[in-house]
Amino acid sequence: MSILAAEIETETLSVENVSLYYGAAQALRAVSLQAPVGQVSAVMGRNGTGKTSLMRAITGRAPISSGRILLGGSDLTRMAPYARARAGVASCPQGREIFPLLSVRENLETGFAGLPRGQRNVPDEVYDLFPVLHEMAHRRGGDLSGGQQQQLAIGRALVTRPRLLVLDEPTEGIQPSVIKDIGRAIRYLRDQKRMAILLVEQYVDFALELADRVTVLDRGAVVMQGEAGNLDHDALRRAIAV
Ligand SMILES: Nc1ncnc2c1ncn2[C@@H]1O[C@H](COP(=O)(O)OP(=O)(O)OP(=O)(O)O)[C@@H](O)[C@H]1O
């Protein structure tokens with residue numbers, strides 16, 4: 001087996017037949033997908049089709065009723081969110097969840113919690129990717145623009161040195177110049193850091209520009225899945241059109 005094949009096998013996120021309910025309402029119906037390292041795996045779908053629920057299932061914020069979630073050799077299924085973070089899962093949730101009264105620097109430092117003492121620093125690449133975080137280190141998180149907050153949310157996720165980065169609609173409500181920066185950061189993390197990136201995105205052109213693989217959800221179920229280059233993009237656009 002080549003080194004690359006071994007790495008993919010040990011580092012891939014594997015979601016297997018995951019179902020999730022809110023009370024009696026089923027939000028995910030036996031969803032399966034793979035997100036290998038060194039690839040962007042996009043999850044798309046109309047509003048309310050279960051994209052955020054899938055992200056919550058992976059990060060441990062919502063319990064699943066059946067199925068399994070594996071990251072490489074670790075079975076995350078029953079792990080608490082903090083244990084999943086230690087196992088290498090980082091997420092930028094919808095709404096970003098920046099601490100408004102903490103400074104930019106302090107927001108980044110909240111990512112230290114699960115790290116060994118020797119790694120409790122902000123990696124240079126966070127500031128290389130998003131120089132604004134350096135310039136605004138002492139500003140309060142709540143005083144940043146939406147785009148700057150999104151960069152901060154990604155920076156904070158990177159502080160935890162993740163193997164899997166989960167991004168829930170990173171372009172939502174953000175100006176084009178910052179969307180470009182975010183796209184560049186995602187490419188860098190995929191190609192240079194070889195992270196597995198799971199990207200929930202409604203902005204089709206942005207998602208298709210980056211995605212290696214695509215999963216489309218409809219009413220909580222997978223209705224289309226495959227390598228981005230092999231999918232019928234017109235059918236895909238129809239499947240997610242509002
Ligand atoms: N906490 C909750 N309690 C009850 N139902 C919920 C809850 N969160 C989501 N839902 C329902 O579950 C379904 C899937 O929602 P989810 O947020 O996962 O979809 P989504 O594809 O991320 O939507 P959006 O694009 O609007 O963020 C929807 O019908 C939604 O109303």
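Could you say which residue among 122, 126 is in a helix (DSSP H, G or I) and either of a type in the set (A, V, I, L, M) or farther than 21 Å from residue 85 by Cα (or both)? Step by step, each of 122, 126 is checked, and only 126 is in a helix (DSSP H, G or I) and either of a type in the set (A, V, I, L, M) or farther than 21 Å from residue 85 by Cα (or both). Annotation note: of 198, 217, 236, 231, the sole residue that is closer than 30 Å to residue 127 by Cβ and either among the hydrophobic types (A, V, I, L, M, F, W, C) or within 16 Å of the ligand (Cβ to nearest atom) (or both) is 198.
Evaluate the following for residue 126: is it within 16 Å of the ligand (Cβ to nearest atom) and either in contact with a Cys (Cβ under 6 Å, 6 or more places away or on another chain) or in contact (Cβ under 8 Å) with a residue 12 or more places away in the chain (or both)?
When the stated conditions are applied, residue 126 does not pass them.
If the condition is being within 16 Å of the ligand (Cβ to nearest atom), closer than 27 Å to residue 152 by Cα and in contact with a strand residue (DSSP E or B) (Cβ under 6 Å, 6 or more places away or on another chain), then segment 63-105 contributes 91, 92, 93, 94.
Test residue 171 against the stated conditions and say whether it is in contact with a Gly (Cβ under 7 Å, 6 or more places away or on another chain) and either surrounded by fewer than 23 Cβ atoms within 10 Å (Cβ to Cβ) or within 23 Å of residue 102 (Cα to Cα) (or both). It is false that residue 171 is in contact with a Gly (Cβ under 7 Å, 6 or more places away or on another chain) and either surrounded by fewer than 23 Cβ atoms within 10 Å (Cβ to Cβ) or within 23 Å of residue 102 (Cα to Cα) (or both). Of all residues in segment 192-224, those satisfying the criterion of being of a type outside the set (A, V, I, L, M, F, W, C) and under 15 Å from residue 50 (Cα atoms) are 201, 202, 215, 218, 219, 220.
Annotation: of all residues in segment 150-162 being touching a Gly at 6+ places or on another chain (Cβ under 7 Å) and not hydrophobic (A, V, I, L, M, F, W, C), the one that is nearest to residue 187 (Cα to Cα) is 162.
Residues checked against (1) in contact with a Lys or Arg (Cβ under 7 Å, 6 or more places away or on another chain); (2) free of Cβ contacts under 8 Å to residues at least 12 places away in the same chain:
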site	(1), (2)
134	no, yes
138	yes, no
148	no, no
171	no, no
192	no, yes
199	no, no
206	no, no
211	no, no
223	no, no
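Of all residues in segment 25-50, those satisfying the criterion of being within 14 Å of the ligand (Cβ to nearest atom) and under 11 Å from the mean Cα position of the chain (by Cα) are 42, 43.
For segment 61-101, the set of residues classified as touching a residue at least 60 places away in the same chain (Cβ under 8 Å), under 12 Å from residue 15 (Cα atoms) and assigned to a strand (DSSP E or B) consists of 71 only. Pairing residues of segment 44-57 that are on the phi > 0 side of the Ramachandran plot with residues that are more than 7 Å from the ligand (Cβ to nearest atom), at Cβ distances under 7 Å and at least 6 apart in sequence or on separate chains, gives 45/216; 45/218; 45/240; 50/28.
Values in this text are rule-based calculations from the coordinates and carry no lab data. These numbers come from a predicted model, not from an experiment. Reconstructed Cβ throughout: ideal geometry from the backbone, glycine too, with neighbour counts over all protein chains shown.
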